[in-house]
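Student: A single structure is presented below for examination.
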Amino acid sequence: MGLVAVVMVFAGEVLTGTYLLIGSVPAAVVGLAPQRDARRPVLIVGVLFGVSILLGSILAVWVPLAVVGMFVVGYLAAQVAARKPAGVVALSVILPLTAIGLTYQGIADSAKVAGLMILGAIGSYIWALVLPEYEGDVPQQPQMTPAEAKRYGLVLGVAGAVSTLVAFALDVDFVGWLVGSTLLVIRPTWDLLSARGIGRVISVIVGGVAAALLLLADLPTPAIAIVLWLVLVTMAATSASRWYVTPAFTSFLILWALLYGQAERNGVKVKLDERVVDTVIGVAVAYLVSGAFWLWGRGAANRRHDVS
């Protein structure tokens with residue numbers, strides 16, 4: 001499907017091609033499983049990209065609904081992840097993409113974007129079925145215990161609710177950037193959160209600056225097609241890296257989709273600044289909420305020790 005998207009860009013439909021490429025992101029990140037039967041997650045994850053965006057846009061029509069909704073989605077995502085091996089999709093896709101969907105106001109505003117993402121996922125899955133099978137194992141995702149899921153669900157729910165409230169209170173232009181940053185970096189342990197938070201801020205800056213510079217360069221359409229294709233290919237090649245570099249590529253694609261065709265120098269700089277600031281605030285919320293729960297847990301442990 002990435003090839004189809006590139007052809008669309010070559011034909012002059014740059015925005016349509018960009019959103020189709022974003023729909024191919026799950027295929028790039030999930031990778032190609034050895035057996036065709038195991039390649040279904042490419043379709044499932046891609047469709048959930050679009051559906052989650054739609055869900056977030058529905059929640060965004062009323063601030064109290066958005067705040068409560070993000071708490072519920074966060075808590076339930078952790079419970080699903082604890083019960084089913086495939087439930088990790090709820091944590092890695094449904095939750096953060098619902099947050100990103102808060103940028104849109106209702107289904108009418110998000111339907112086109114979500115539809116193109118789903119179409120991109122369907123095309124990627126069809127192509128995955130065409131490719132031959134090979135020897136290898138499908139890695140199994142670790143599951144949480146019910147107790148871990150309950151605690152982590154509370155962390156996710158509170159983080160989602162707080163970051164949503166902060167985003168609407170600050171009246172940011174793209175609510176989903178801030179809330180999504182919180183939920184994409186937050187993790188069960190402090191060590192994982194620290195590494196992911198720093199990595200996301202750096203990656204967003206790198207990807208955003210690259211997109212801004214190329215937007216201002218006013219590239220011809222064929223060059224744009226090549227650049228977008230290289231972004232997708234490089235994302236796929238580095239998705240398994242221990243360094244958290246994927247946000248650099250997704251930031252590039254999202255900023256490109258938002259700003260293409262209105263690439264005035266000041267406008268591009270403003271949007272880049274907004275994305276970086278929203279990312280920093282979102283990551284800060286993740287640190288604050290996780291830190292508060294860590295201190296609460298430590299205090300509870302000390303009280304139990306004193307009683308015993």
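The values are calculated or read from the model by the stated rules, or taken from the named source; none is laboratory data. Small disclaimer: the values here were computed from a predicted structure and weren't measured. Cβ atoms come from the backbone with ideal geometry, glycine included; neighbour counts cover every protein chain shown. Side chains are part of the model used for accessible areas, which takes the heavy atoms of the whole protein and leaves out ligands, DNA and RNA. Shrake-Rupley method; radii C 1.70, N 1.55, O 1.52, S 1.80 Å.
Student: Quick one: count up the residues across region 226-256 that are in contact with a helix residue (DSSP H, G or I) (Cβ under 6 Å, 6 or more places away or on another chain) and over 22 Å from V185 (Cβ atoms).
Tutor: Qualifying residue count, region 226-256: 4.
Student: Another question, if that's okay. Among the listed residues A121, A114, A78, which satisfies the condition of being open to solvent by less than 10 Å² (accessible area, probe 1.4 Å) and within 24 Å of D278 (Cβ to Cβ)? If you could, list the steps in order and put the result at the bottom.
Tutor: Working: A121 fails: within 24 Å of D278 (Cβ to Cβ); A78 fails: within 24 Å of D278 (Cβ to Cβ).
Going through A121, A114, A78 in turn, just one is open to solvent by less than 10 Å² (accessible area, probe 1.4 Å) and within 24 Å of D278 (Cβ to Cβ): A114.
Student: Are any residues in region 85-103 open to solvent by 40 Å² or more (accessible area, probe 1.4 Å) and touching a residue at least 40 places away in the same chain (Cβ under 8 Å), and if so, which ones? Step through it out loud before you land on a result.
Tutor: Filtering region 85-103 for residues open to solvent by 40 Å² or more (accessible area, probe 1.4 Å) gives 85-86, 88, 92, 94, 100.
Scanning region 85-103 gives P85, A86, V88, I94, I100.
Student: A follow-up question, please. Name the helices (runs of 4 or more DSSP H) wholly within region 145-223 that hold at least 1 residues that are open to solvent by 10 Å² or more (accessible area, probe 1.4 Å) and basic (K, R)? Walk me through it before giving the result.
Tutor: Working: elements: 146-169, 175-185, 190-216.
Filter on region 145-223 gives 146-169, 190-216.
Student: Follow-up question, since we're still on this one. Within region 92-109, track down each residue that is modelled with pLDDT under 90, of a type in the set (A, V, I, L, M, F, W, C) and under 17 Å from T164 (Cα atoms).
Tutor: Selection gives I94, L95, L97, I100.
Student: Answer yes or no: is there a residue in region 45-58 that is within 15 Å of L95 (Cβ to Cβ), touching a Leu at 6+ places or on another chain (Cβ under 9 Å), aliphatic (A, V, I, L, M) and modelled with pLDDT under 90.
Tutor: Looking for residues that are within 15 Å of L95 (Cβ to Cβ), touching a Leu at 6+ places or on another chain (Cβ under 9 Å), aliphatic (A, V, I, L, M) and modelled with pLDDT under 90, one finds at least one in region 45-58, hence yes.
Student: May I ask you to list the residues in region 57-79 that are more than 10 Å from T98 (Cβ to Cβ) and free of Cβ contacts under 8 Å to residues at least 60 places away in the same chain?
Tutor: V61, W62, P64, L65
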